[in-house]
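The values are calculated or read from the model by the stated rules, or taken from the named source; none is laboratory data. Note that the structure is a prediction, hence the values are computed from the model and not measured. Here the Cβ positions follow ideal geometry from the backbone for every residue, glycine too, while neighbour counts run over all protein chains shown. SASA here: full protein model, heavy atoms, side chains in, ligands and nucleic acids out. Shrake-Rupley method; radii C 1.70, N 1.55, O 1.52, S 1.80 Å.
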Amino acid sequence: LTHCLMLSNCPYMRDIPESDCIRKSNTLRLGYETADFQLCLNGEWNKVKDHYIKSGTKQKTASKYITQIRHFFEASEDTIWITFYDNKLWWTKAKAGVSLNNDNIRERSCISEWSDKDIEGNPLYMENISGNLLKTQGFRGTICTVEEEKYLLRKINAEKSKEVLETEDSYKSLQQNLCNLIQQLTWQDFEVLVDLIFTQAGWQRVSSVGKTAKTLDLDLKAPVTGEKCLVQVKSSTDSTELDKYLKDFSSMDQYHKFYYVYHTFKGTPSQKINDSKVRLLSANEIAELAIDSDLSKWIIAKVS
C-alpha cells in the first residue's frame, strides 16, 4: 500500500517557503538543522534523540522530532508527500536519499514535479477537499501521517466512492425529469421560472417580465458590480429566430451579457456562438439551475 505523509512549515523550525520547493527547486526540504546529518544518514536515531535531550528538549518532544526526521530520511519512493499551498493541495513522490544543499538544509529531490491536479488534470482546490483531510493542516510540526489516506488516494486518482456515484446518478435523474417537466410549462410559467432563477442568483430586475421593447424580456443588473445583462426567454425557438436576436444584441453595447433561454429548440443552432458575452441556456441547463435555486418543487407544483 502507498504510504502518505504531509509536509508543512514547522512553526518552531527554520522557515522554508513552500514556493521555493514547489515552483523552483522541485524538492522536499527539512529544517531540523540541529540534528547531526551523518547520524541521521546512518540511522543512529538514539544518538540523535540523546542530542536533543542533552540540549534541553523534553523526552516526549524529542521523540516527536525523531519520528518526523525518520519519516523524511527513510520514507520509500512509493510514499506520496502532500502539502497545502496557494489554496490548493499539492502532491509528489521523492527520490530516495537525502543531501545537504548550499544552505545546509536537508533535501530530497522529487521523482516528478509537484502537482496541484489529479491524474485527469482537475485542479485540487481546497474548497473541494474534505474537511477531514484539511484539518491535517492543524498539525503543529513538519511531517505527519495522513489519516484520511484512502480519501486522499481517491482524490488524486480522480476516483469516486460508491455513495458519490449513486448520488450523482440520482442528481442526473432528477435533472432529466425536471427538464421534461420544464418543457411542459406554459410560456408564461417558463418566463416566471427564468425570472426566479436570475433574481435568486442576485440579479435585480430593471424592467418587468414581458416584452417592453422589440427584443427585451428581462433587463437585469448586478447590484454589486453594476453589470447589466439582457435575458431573452423563448419557450420554443429555431435557428432563424436565434440569429435575428444575436444580430440585434450585437449593437447593444450597454449590456455585459446576453442570455438566450429556451426549453424547446426546433433543429440545432445554425452557428457556433463565439461571443463570450452570449450564452444559450436550454431546458437541461435551466433544470440544473432550478435545482441549485431550490425551485424543483415550484416546477412540480406548476405542472401538477
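Quick rundown of the values:
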| item | result |
| --- | --- |
| Top-ranked residue of region 103-133 - restricted to ones that are among the aliphatic types (A, V, I, L, M) and outside any helix (DSSP H, G or I), ranked as surrounded by the fewest Cβ atoms within 10 Å (Cβ to Cβ) | Ile119 |
| Entirely in region 237-304, the helices (runs of 4 or more DSSP H) that have 1 or more residues that are touching a residue at least 12 places away in the same chain (Cβ under 8 Å), among the acidic types (Asp, Glu) and touching a helix residue (DSSP H, G or I) at 6+ places or on another chain (Cβ under 8 Å) | 283-292 |
| Among (1) modelled with pLDDT under 90; (2) crowded, with 17+ Cβ neighbours inside 10 Å; (3) polar (S, T, N, Q) - the single one Ser250 does not satisfy | (2) |
| Index of the failed condition, Asn87 passing every other in (1) over 21 Å from Glu147 (Cα atoms); (2) touching a helix residue (DSSP H, G or I) at 6+ places or on another chain (Cβ under 6 Å); (3) not β-branched (Val, Ile, Thr) | (1) |
| One residue from Leu100, Leu185 being touching a residue at least 12 places away in the same chain (Cβ under 8 Å) and open to solvent by less than 40 Å² (accessible area, probe 1.4 Å) | Leu185 |
| Residues within region 253-275 that are among the charged types (D, E, K, R) and surrounded by 13 or more Cβ atoms within 10 Å (Cβ to Cβ), tallied | 1 |
| Any hit, region 74-85, residues being free of Cβ contacts under 8 Å to residues at least 60 places away in the same chain and in a helix (DSSP H, G or I) | yes |
